[in-house]
Structures are given as structure tokens and as C-alpha cells.
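The values are calculated or read from the model by the stated rules, or taken from the named source; none is laboratory data. What you are looking at is a predicted structure, and each value in this text was computed from that prediction instead of being measured. Cβ placement follows ideal geometry from the backbone for every residue including glycine, while neighbour counts extend to all protein chains displayed.
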């Protein structure tokens, strides 16, 4: 299989990807609050971005968006997916002192959002700001022992930027239990090429897919297989893109962040190719297909294992789809916290995706 890729798969690959466009797209998208369950504004932004590139978009009942490009082979389809929903929270309780108790959306630790600015969206659409703190935030009141307080849901609260001292004051503002809370992304792009922000997982991958599709459109590249680009809105709670998968799909590639940490090979400059996550191994032949493409292109890539991770690709397998599944994405430091990557990771991921889309061989 690898030798076939070397002979046939790279003949027409174009190596350029619009990295600056990708970074600018991420910067815009990251500013739109989209915790799982309340991602419609971000989905609308993505739909408009696709349409601006000249693509026709379809919407699913779950609120995701899909673009389909007909290829030379319409009997076997490919699908790429990324997700626009992010970590966030909901108002669980309005406390008697006017503070808000939260319940988390997605898998993050509370210490990862301590001190973060946030927005609370009332049911009527009004936005209120606040800060996430512990109930013992002041050292001058609670002493240094406050630092030893275990950060759990029960000791975290939102201090609203409003004159509120009681539950009724908060209710009078229009804030209620069940209102969505989003975290300030604090996007920063440095001169040295780093992108620091919350929600690189997975808005970076959405932006990379947009950049690849921009390159496809402007270069007039024809794809060897009909291919679907599926941007979903429920990944952080485990079932993002495991419905509406076209029946002819045989290869399913999730584009999501590569996790960085002790024992990992992935760094902030590479495209990470997943061999195994907590759901089990990814398709071996598909992984070898992707690594062979990366090798031939001379990309900075790493193969890695994510011990506490699941993707939409593994969710699709659990849902019973008969597909070959893979997972790639830019290396992201401090995942599900205040994340960081580098423009090189955008570029390496984009080039691998572009090469994969033009490869004429399916994984074996």
C-alpha cells in the first residue's frame, strides 16, 4: 500500500496552504461563544465562511453544517470532520449572595478556569460578564490555606459585573438556571508565530479545513473521491458527527487537536497522527497511509497515543458505522486549559489534509 502511494498518490499534490487565512479565520471564530448546546452563532459563521468560498452548505437537524464535493469516484466517499463547539458551563444555582454556581459542559478541571473572565447569556439574548473564582478567593480573609482548597464545582462561583447582592437581584437581571456560560478565549497571535487561546480545541481545526477548502477552490483541484466536510456542534459531549454520515462513506478522518504532555511525542509545531486513544487503536492501514504522505511531503509530524481522549471518529464507530477511521490535528499544548499552538502546526496539518484529499489510494 505504501509503495502505491509513492507511485501514484502524490503526483498532483499542491504544497501551498493559506496559513495566514487559517489563523485569521481561527481568530474570528474563537471570539464567538459556542459552548456545546449553544453553538448556533459559530455554526452560522462557519456556514457563511463556506459560502464566501463558493460552496453550497447543507444543515443537519442537529445543527451541524456539511459541504460535499463530488469527486471522480462517486462510489466510495471520504469524510473529514471538525467541531465548533467548545468547553463551557451553565448556571446551576443562583446563590443567596448574588453569585452563580456552575455546572461544567465538557471535560475540564475547575482550576483550569479559575480567574477566567466569562460571559453569561440570558434567555432573551442579553450578555452579562463576570469572573470565575473560588468561594475563598481572598488571601486576606481566608489566609494561605485558601490555596489548598480543592477546586470542585461546589467551591467555584461567578462574580457578576453587576450590582447584585441577592438571588432576586440576579433574577431581576433576567439571569436564570440553565443559562449558558462561555469563557473569554483571550486570543493572542505573537510575532514568533504562537497562537495562544482557549478553544483551539477544535476551532483551530475548523479554520485549517476552511483554509484547505479555500486552496481547493482557488486552485481548481479535482478530488479523486467524493468528499464531505462536516463541521459539528456536539463533540465535547461525545456524539458530534456520528449521524448524517453519507452511506457511501468508507474513510472518516477526524481533524482535532493533538495533545501535548509528559510521555507524548506531539509538540506545538507538528501535525499529530493518532495511533490510539482511550477508545482503542485507530485503523492501522489509514494511519500508515497518512504517515506515508507526511513522510513524502517532508512534513513535521508525530505519531502519538492519547490516553484520555475520544474523537468524533471513534464516536462514529461506536454508533455502528462501517468505516475506516483516522485522527490528525495540530499539536496543542495545555489542552482543555489555556491552550497554545504555532503557525507551523497549522501549516503542517493543512498540507497533510490537502495531500490526503488528492491521494488516489484508499487505506487498506
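Of the numbered criteria (1) more than 18 Å from residue 228 (Cβ to Cβ); (2) over 19 Å from the mean Cα position of the chain (by Cα); (3) modelled with pLDDT under 95, the one residue 309 fails is (2).
Answer yes or no as to whether residue 239 is surrounded by fewer than 19 Cβ atoms within 10 Å (Cβ to Cβ), at pLDDT below 95 and within 29 Å of residue 47 (Cβ to Cβ). Criteria met by residue 239. Output the residue which, of all residues in the stretch 211-240 that are assigned to a helix (DSSP H, G or I) and touching a strand residue (DSSP E or B) at 6+ places or on another chain (Cβ under 9 Å), is farthest from residue 200 (Cα to Cα). Step by step, filter the stretch 211-240, then rank; the result is 216. Test residue 211 against the criterion of being modelled with pLDDT of 95 or more and at negative phi, and give yes or no. Criteria met by residue 211. The sole residue among 145, 150, 114 that is assigned to a loop (DSSP other than H, G, I, E, B) and over 27 Å from the mean Cα position of the chain (by Cα) is 150.
Would a scan of the stretch 100-120 turn up a residue that is more than 30 Å from residue 211 (Cα to Cα), free of Cβ contacts under 8 Å to residues at least 24 places away in the same chain and not assigned by TED's automatic domain parsing to the domain that holds residue 321? Yes - at least one qualifying residue is present in the stretch 100-120.
Screening residue 265 on (1) surrounded by fewer than 22 Cβ atoms within 10 Å (Cβ to Cβ); (2) touching a helix residue (DSSP H, G or I) at 6+ places or on another chain (Cβ under 8 Å); (3) modelled with pLDDT of 95 or more; (4) not in a strand (DSSP E or B) shows it passes everything except condition (2).
Within the option set 98, 88, 107, 125, being in contact with a strand residue (DSSP E or B) (Cβ under 8 Å, 6 or more places away or on another chain) and within 26 Å of residue 198 (Cα to Cα) holds for one residue only, 88. Go through the stretch 107-137 residue by residue and tally those that are modelled with pLDDT of 95 or more, touching a helix residue (DSSP H, G or I) at 6+ places or on another chain (Cβ under 8 Å) and over 23 Å from residue 163 (Cα atoms). So the answer is 1.
Table: residues versus (1) within 18 Å of residue 22 (Cβ to Cβ); (2) at pLDDT below 95; (3) part of a loop (DSSP other than H, G, I, E, B); (4) out of contact with any strand residue (DSSP E or B) (no Cβ under 9 Å at 6 or more places or on another chain).
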site: 38; (1), (2), (3), (4): no, no, yes, no
site: 41; (1), (2), (3), (4): no, no, no, yes
site: 46; (1), (2), (3), (4): yes, no, no, no
site: 49; (1), (2), (3), (4): yes, no, no, yes
site: 54; (1), (2), (3), (4): yes, no, yes, yes
site: 67; (1), (2), (3), (4): yes, no, no, no
site: 75; (1), (2), (3), (4): no, no, no, no
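State whether one or more residues within the stretch 144-153 are closer than 14 Å to residue 114 by Cα, in contact (Cβ under 8 Å) with a residue 24 or more places away in the chain and surrounded by 13 or more Cβ atoms within 10 Å (Cβ to Cβ). Yes, because at least one residue in the stretch 144-153 is closer than 14 Å to residue 114 by Cα, in contact (Cβ under 8 Å) with a residue 24 or more places away in the chain and surrounded by 13 or more Cβ atoms within 10 Å (Cβ to Cβ). Residue count for the stretch 331-347 under the criterion of being over 14 Å from residue 26 (Cα atoms) and out of contact with any strand residue (DSSP E or B) (no Cβ under 6 Å at 6 or more places or on another chain): the result is 5. Scanning the stretch 117-137 for residues that are within 16 Å of residue 170 (Cα to Cα) and part of a loop (DSSP other than H, G, I, E, B) yields 122, 123, 124, 125, 126. Is it the case, given these coordinates, that residue 32 is assigned to a loop (DSSP other than H, G, I, E, B), modelled with pLDDT of 95 or more and surrounded by 15 or more Cβ atoms within 10 Å (Cβ to Cβ)? It is true that residue 32 is assigned to a loop (DSSP other than H, G, I, E, B), modelled with pLDDT of 95 or more and surrounded by 15 or more Cβ atoms within 10 Å (Cβ to Cβ). With respect to the conditions (1) modelled with pLDDT under 95; (2) assigned to a loop (DSSP other than H, G, I, E, B); (3) farther than 19 Å from residue 336 by Cα, residue 140 falls short on a single one, namely (2). The single condition among (1) surrounded by fewer than 17 Cβ atoms within 10 Å (Cβ to Cβ); (2) farther than 30 Å from residue 104 by Cβ that residue 188 does not satisfy is (2).
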